[in-house]
Amino acid sequence: MHRLRYLINRPPVVLRQIERSYLSQHARLQSAGPALHSGLKRFSTAEATAETAEPTRLRERSLNMATLNPQVKAVEYAVRGPIVIKAVDIERRLQEGVKQPFTEVIKANIGDAHAMGQQPITFVRQVVALCCFPELMDSPAFPDDAKQRAQRILQGCGGQSLGSYSASQGVECIRRDIAGYIEQRDLGVSADWNNIYLTTGASDGIMSILKLLVSGRGSSRTGVMIPIPQYPLYSAAISELEAVQINYYLDEANCWALDIGELQRAYRAAKQHCQPRVLCIINPGNPTGQLQSKKCVEEVLHFAYEENLFVMADEVYQDNVYAPGSQFHSFKKVLYEMGPEYFNNVELASFHSTSKGYTGECGFRGGYMEVLNMDPDVTTQLVKLLSVRLCPPVSGQAAMDVIVNPPRVHEPSYAQFTKEKNSVLDALAEKAKMTEETLNSVPGIKCNPVQGAMYAFPQIFIPPRAIQEAQSLCMAPDMLYCLRLLEETGICVVPGSGFGQKEGTYHFRMTILPRMEKLKILLHKVKEFHIKFLEEYSAPETTEH
């Protein structure tokens, strides 16, 4: 056993040398006679045995595409789909010196702020660093308010260490801070920390709630209403859980507004083949970048009340609001203002994350959900479900705490924090406006105002010949468009078909996160490509005589 540990810890090069020496010795001993050969068998390695044995036929694997869970095969996630795989391959070839018509790949497919060059918020990183390495508490390089927050978080951790498990719902003091943040955001509407659950990003919370909601068979199977266009997490989760996807279409002609008549249409149609029980809203919108009005939120909540639907409010972009005169209205605050009949009855789960906003801390995988009016017995089951995964990353919980508990006016970090926060949000607002204006200057592209979030979702005109070519290749027309864009310019965006869109319309989603100078290059290349694409496929076909 000691020798095995010794061998395992040796570098691979040394292990290969040992293996060659051993095999050589094995060959010599084989020629020395049956007795020695018999004794050697007891100690022969798998590699040595394979060297001397007759070739054997590999048996069929237990797990293959035929035995794979069919729900896994049904899952699609366009944000990291075929276009992105192709982009990574092109990027690798560029690094290997393979010539391309461009010098770099610009990935505008995903809302990953730091990957796009956004700098971390200093205060967030200071507090998390202090939590990870408390010895830094003695360093004068860290401000007192960062140290105080780190000490408070660590006192809530087992053994006062970020390396310990937390309660499945999360560290208690962080849940209390989140409740305080919600009360401040919603201008005094009370928040109970017992209704707060820390999650591994918002996605983890969304999946957990959907797991509770999906049940039944056949026409009683749970139907989940999602906006189209939608963030592909929802369609992927619905496929994985074998729920029924119910599409309701946002009104592109009205800046992607949510029309209550469309909700009613989708609900009535779905009642014929499933049991609609869940209504998902993304506000501010992804991929569409719209902000729903207070009146719209009221109508949605009234509809949910009337039809007894569980509301899932994805509000991860609540800090990303750019359009002049626009305002984020939380579903909880609007529900409260509708009166106790609504506030005490509508079941609502709302979600937030460290990954978006002005911090863009995607890698920490921090998030939370607030759950209102859930049946107490079901709440017990939710806690049980969460306990199976033990707890969310505690470092992500710490980052979430800093976001909901930033420096106050009288504290030493306030000035720098405010400057960094405003710098990020002001830059995003400028880029949102520039993106909208530039895309709308291109013939054949129409882009709604980017009111919030961090994406544009322009509609693109694709000529009939390009549509026919895409069909002959068995791909969506906007997939052909995005592939050509990537191959000719190095720009990586996601086809609208990955998010859903009305029949006969085509779009792509791009993030506005790249630095200003890079975003200008991206938009200029898109403009040039689109004009060239239209010319190529609109020109009359020539035939040889």
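Can you pick out the pairs among Lys99/Lys433; Lys295/Lys384; Lys419/Lys502; Lys107/Lys332; Lys295/Lys356; Lys211/Lys332 whose Cα atoms lie more than 30 Å from each other? Write down the numbers at each step before the final one.
Numbers: Lys99/Lys433 34 Å; Lys295/Lys384 37 Å; Lys419/Lys502 42 Å; Lys107/Lys332 35 Å; Lys295/Lys356 25 Å; Lys211/Lys332 22 Å.
Pairs exceeding 30 Å: Lys99/Lys433; Lys295/Lys384; Lys419/Lys502; Lys107/Lys332.
Rolling a 1.4 Å probe over the heavy atoms of the protein chains gives the range 153-255 an accessible area of 39 Å² per residue.
Sorting the Cα pairs of the range 252-373 by distance into bins of 5 Å, from 0 upward, gives 2, 10, 20, 22, 19, 15, 8, 3, 1 percent per bin.
Using only Cα atoms, figure out Rg for the chain and give it as a multiple of 2.2 N^0.38 Å. Please report the intermediate quantities before stating the final value.
Values: Rg = 28.0 Å, N = 545, 2.2 N^0.38 = 24.1 Å.
That works out to 1.16 for the chain.
Radius of gyration (Cα atoms) of the range 431-545, expressed as a multiple of 2.2 N^0.38 Å: 1.08.
Can you list the aspartates and glutamates whose alpha carbon is less than 13 Å from that of Lys520, not counting same-chain residues fewer than 8 positions off? Straight-line reach from Lys520, under 13 Å: Glu430, Glu436, Glu437, Glu528.
Let's see if you can work this out: charge +1 on each Lys and Arg Cβ, -1 on each Asp and Glu Cβ, no other charges. What is the dipole magnitude of the chain about its Cα centre, in debye to the nearest 20?
Numbers: 56 positive and 59 negative charges, 415 e Å.
The calculation lands at about 2000 debye.
When the charge dipole of the chain is built from unit charges on Cβ atoms (+1 for Lys and Arg, -1 for Asp and Glu) and taken about the Cα centre, the candidate among Val278, Pro393, Ser441 whose Cα reaches farthest toward its positive end is Pro393. If you wrap the tightest convex hull around every Cα atom of the range 126-184 and split its volume per residue, you get 79 Å³.
When the surface is traced with a 1.4 Å probe over the full set of protein chains, Val388 keeps roughly 120 Å² accessible.
With the biggest extent put first, the Cα atoms of the range 462-517 measure 37, 25, 16 Å across the principal axes. About the centre of its Cα atoms, the range 214-265 shows a dipole size close to 280 debye [charges on the beta carbon of Lys, Arg (+1) and Asp, Glu (-1) only; nearest 20 debye]. With the largest listed first and rounded to whole Å, the semi-axes of the equivalent ellipsoid of the range 392-444 from the Cα gyration tensor are 34, 17, 6. Tell me the carbon and sulfur percent of the accessible area for the chain, rounded to whole percent, probe radius 1.4 Å. The C+S portion of the solvent-accessible surface of the chain is 52 percent.
Mind giving me the FRET efficiency for Lys446 and Glu96? R0 is 30 Å, r the Cβ-Cβ distance, nearest 0.05 is fine. About 0.15, to the nearest 0.05.
Computed over Cα pairs, the Kirkwood radius of the range 405-475 leads via Stokes-Einstein (1.567 mPa s, 4 °C) to a diffusion coefficient of 83 µm² per second.
Please find the FRET efficiency linking Ala269 to Glu306, where r is the Cβ-Cβ separation and R0 is fixed at 22 Å, and quote it to the nearest 0.05.
On the way: r = 17 Å, r/R0 = 0.77.
So the FRET efficiency works out to roughly 0.85.
Principal axis extents of the C-alpha atoms in the range 151-258 (largest first, rounded to whole Å): 49, 35, 22. Of the residues Phe343, Gly325, Ser355, the one whose Cα sits farthest towards the positive end of the charge dipole of the range 314-361 is Gly325 (charges of +1 on Lys and Arg Cβ, -1 on Asp and Glu Cβ, taken about the Cα centre). Each of Leu390 and Val72 was given a label point 7 Å from its Cα along the Cα-to-Cβ line. The distance between the two points is 2.2 nm. In this simple spin-label model, placing a label point 7 Å from the Cα along the Cα-to-Cβ direction at both Lys211 and Glu517 gives a separation of 4.7 nm.
Binning the alpha carbon pair distances of the range 226-295 at 10 angstrom intervals from zero yields the distribution 19, 52, 27, 2, expressed in whole percent. In the neighborhood of Ala266, defined by Cβ-to-Cβ distances under 12 Å, what is the net charge if each Lys or Arg adds +1 and each Asp or Glu adds -1? Surrounding charge for Ala266 is 0. The amide H of Ile228, built 1.01 Å from its N in the peptide plane, has Tyr248, Tyr249, Leu250 as neighbours under 5 Å, considering only residues 5 or more places off or on other chains. Each residue of the range 265-274 is assigned a 3J(HN,Hα), and the resulting list reads 4, 4, 5, 4, 5, 6, 4, 6, 9, 7 Hz, derived from the Karplus form 6.51 cos²θ - 1.76 cosθ + 1.60 (θ = phi - 60°), x at Gly and Pro. As a calculated quantity, the FRET efficiency between Asn194 and Ser538 at R0 = 56 Å, using C-beta atoms, amounts to about 0.35.
Where in the range 320-356 does the amide nitrogen come within less than 15 Å of the point 7 Å from the Cα of Leu187, taken along Cα to Cβ? Residues 326-339 qualify, since their backbone N sits under 15 Å from the label point.
Length gain on complete extension for the stretch Lys86 to Arg465, per 0.36 nm per residue less the alpha carbon to alpha carbon distance? If you can, show how the numbers build up before the last one.
On the way: separation 379, 0.36 × 379 = 136.44 nm, distance 2.40 nm.
Result for the pair: 134.0 nm of gain on full extension.
The values are calculated or read from the model by the stated rules, or taken from the named source; none is laboratory data. Note that the coordinates shown come from a computational prediction; the quantities given were computed from them, not determined experimentally. So basically every Cβ, Gly included, is an ideal-geometry build from the backbone, and we count neighbours across all protein chains shown. Each accessible area value is taken on the protein alone, full model and side chains, heavy atoms only, with ligands, DNA and RNA left out. Shrake-Rupley method; radii C 1.70, N 1.55, O 1.52, S 1.80 Å.
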